[in-house]
Amino acid sequence: MRCVAYLNEYLDTMTKIIMKFGGEVDKYIGDAIVAHFGLFDPNDANLPEHTRNAVRSAVAMNQAMIPFNETRQSKGLGVVRMGVGINTGDVHSGNMGSTERMDYTVIGDNMNLTARLCDNAGKDYKEENGNVTHLRNILITEATYEIVRDIVVVEDKVIHIRVKGKEKPVRIYQVYDVKG
C-alpha cells in the first residue's frame, strides 16, 4: 500500500506541473506519464510556445524532485529518479482500441521517438566511439531544440543516440535549465 501512496503522490506532483504549463496528460503507464502540449490547438502559430512550455514543464518537474526526494529520505525511503524526453512533430490522435475498449491517445513515429528518449534519460549511454556518457534527466530532439534554443541551457556536448526504429542516430540535447 505504501508503494501506491508514494506513486500517487509522485504522479499528482508531476501532473499538476504539466497542467500548470498547459500540458494534457494522455495516460499513466506505471510510474510514467505520457503528456502532450498543444494537441488541441489547431493554430500552428502557437507551436513554439507549446514547445517552450513542454520544456519549462520538464525543468519544473526535475526541480520538484528535490523536495520530493528530501521528504522521502527524511522518512527513510529511497531516492526517486525520473527522466523526460521531449520531441516536437506531427502525431496522430483519436479514439483507438477495440470494439470492447477504446482510449483517446496519441501515436506515431514522433511519439515513439519521445518514448525512446525517456528510456535513455538519466542513464549511462555508450557512444559508438566507446565512450560512456551519463545523460541528463531531460533530453530533447533537434526539432525541439531549434524551437527552444533561445530559452534552454544545454550541455555543451551534443550526443547522437541510436534508438529502436531509427536507422540513423538521433541528435539530442541535454537540458538542465531554462532562461526566464
Inset, instruction - Please find, within region 31-49, the residue that is farthest from Val84 (Cα to Cα) out of those that are surrounded by fewer than 17 Cβ atoms within 10 Å (Cβ to Cβ) and touching a residue at least 12 places away in the same chain (Cβ under 8 Å). - result: Phe40
Inset, instruction - Run Ile18 past the list (1) in contact with a Ser or Thr (Cβ under 6 Å, 6 or more places away or on another chain); (2) without any contact (Cβ under 8 Å) to a residue 24 or more places away in the chain and report the number of the one that doesn't hold. - result: (2)
Inset, instruction - Select the strands (runs of 3 or more DSSP E) contained entirely in region 96-150, then report the ones holding at least 2 residues which are open to solvent by 80 Å² or more (accessible area, probe 1.4 Å) and farther than 20 Å from Asp26 by Cα. - result: 124-126, 132-134
Legend entry - Any pair with Cβ under 9 angstrom, 6 or more apart, that starts in region 73-87 at a residue that is closer than 17 Å to Arg171 by Cα and ends at one that is exposed (fewer than 13 other Cβ atoms within 10 Å of the Cβ) and acidic (Asp, Glu): none
Legend entry - In region 70-79, residue surrounded by the fewest Cβ atoms within 10 Å (Cβ to Cβ) [restricted to those that are out of contact with any Gly (no Cβ under 9 Å at 6 or more places or on another chain) and part of a helix (DSSP H, G or I)]: Ser74
Inset, instruction - Determine, yes or no, whether His92 is within 14 Å of the chain's Cα centre (by Cα) and open to solvent by 30 Å² or more (accessible area, probe 1.4 Å). - result: no
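The values are calculated or read from the model by the stated rules, or taken from the named source; none is laboratory data. In this text the structure is predicted, and so the values were computed from the model without any measurement. Glycine also receives a Cβ, built like all others from the backbone with ideal geometry; neighbour counts cover every protein chain displayed. For accessibility, only protein heavy atoms count, side chains too; no ligands or nucleic acids. Shrake-Rupley method; radii C 1.70, N 1.55, O 1.52, S 1.80 Å.
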